[in-house]
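The values are calculated or read from the model by the stated rules, or taken from the named source; none is laboratory data. Since the structure is predicted, the reported quantities are computational estimates derived from the model, not experimental observations. Backbone-built Cβ (ideal geometry, glycine too); neighbour counts: all protein chains shown. Ligands, DNA and RNA are excluded from the accessible area calculation, which covers all protein heavy atoms including side chains. Shrake-Rupley method; radii C 1.70, N 1.55, O 1.52, S 1.80 Å.
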Amino acid sequence: SKGTLYNYFADKEALFGAVVRSVCEEHNDQLFALEAGDRDVAKVLHRVAVSFVVFVTGEYPTAGYRVVIAEAARFPHLGEIFYAAGPAAGIKRLADYLAWATDEELLAIEDATEAARDFLELSKAAVHMRRMLNLRGPVERDEAIALADKTVAKFMAIYAAPA
């Protein structure tokens, strides 16, 4: 009931923030299950790119993102919660893996956080804006694989360790 919920949360913003945080953490656990020690960097990045673009263009995440964008002007803290628990946490997980791969001389990256952010943006660049504007539907697995092929090739061309 509403009364019971507000025993745990001060207001709607706090309740919504808790839901956003929980959902983001759950999805980041699935999308960014990266292990230092996995030396096949291209394969790891391909897996991340496929999962990421399928996820961010899916019905539920698209709807949730639209809500956060719509409410962020009225509730700026909600935007902060979403960014910290979602995009920033995913970037951090990927950056940690990229930093490990750089330490192992599998990649040549100066700023792992910037490279992680660039990789994720590149993964969705061809489809995300059109999806957010409802000009296309969710990305299916076959299309995600083709997008990931291009993304990983470009990323590795920039950051592959010298032979």
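Counting only heavy atoms of the protein chains, get the accessible area per residue of the range 46-130 (1.4 Å probe) and round it to a whole Å² value.
Values: 4330 Å² over 85 residues.
Roughly 51 Å² per residue, with all protein chains present.
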Problem set entry | Equivalent ellipsoid semi-axes - Cα gyration tensor, the range 34-123, angstrom | 28, 15, 9
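Where does each of 52-60, 153-161 land if you order them by average Cβ count within 10 Å, highest first? Numbers along the way, then the final one.
Numbers: 52-60: 19.1, 153-161: 14.4.
Final packing ranking: 52-60, 153-161.
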Exercise. Within the range 41-163, how many lysine pairs that are 8 or more places apart, or on different chains, have C-alpha atoms less than 14 Å apart?
Worked result: 4
